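Structure, as structure tokens:
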Amino acid sequence: MLVLTRKPNEAIMIGDNIEITILSIEGDQIKLGIDAPKNVDIHRKEIYLTIQQENRKASKTETNFLEGINEYFKKKS
């Protein structure tokens, strides 16, 4: 992990097209501004992990369901 020290209104660059700026520091909270292309998804980590978990659930199809579809199309033939 790369650790950088920045003050308010200072920024870091990720690649050529993502800029993260420290907007303010208030107590134990830091406000970040992220300037990135529209095709780059940006999520808080807890939201990202939830999305990944839901995608894994959605990709798992029960075998019985698939077998039922297979039988349906066999009967139609």
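The values are calculated or read from the model by the stated rules, or taken from the named source; none is laboratory data. If you're wondering where the values come from, they're calculated on a predicted model, not measured in any experiment. Methodologically, a virtual Cβ is constructed for each residue, glycine included, from the backbone with ideal geometry; neighbour enumeration extends over all protein chains shown.
What to note about this one:
- Any chance residue 46 is among the acidic types (Asp, Glu) and either modelled with pLDDT of 95 or more or more than 14 Å from the chain's Cα centre (by Cα) (or both): yes
- 1 or more residues surrounded by 10 or more Cβ atoms within 10 Å (Cβ to Cβ) and not aliphatic (A, V, I, L, M): qualifying strands (runs of 3 or more DSSP E) within the stretch 1-48: 18-26, 29-35
- Residue pairs whose Cβ atoms lie under 8 Å apart, separated by 6 or more positions or on different chains, with the first residue in the stretch 1-20 and over 10 Å from residue 36 (Cα atoms) and the second among the polar types (S, T, N, Q), are 8/24; 9/21; 10/21; 11/21.
- Test for residue 41: is it touching an Asp or Glu at 6+ places or on another chain (Cβ under 8 Å) and charged (D, E, K, R): no
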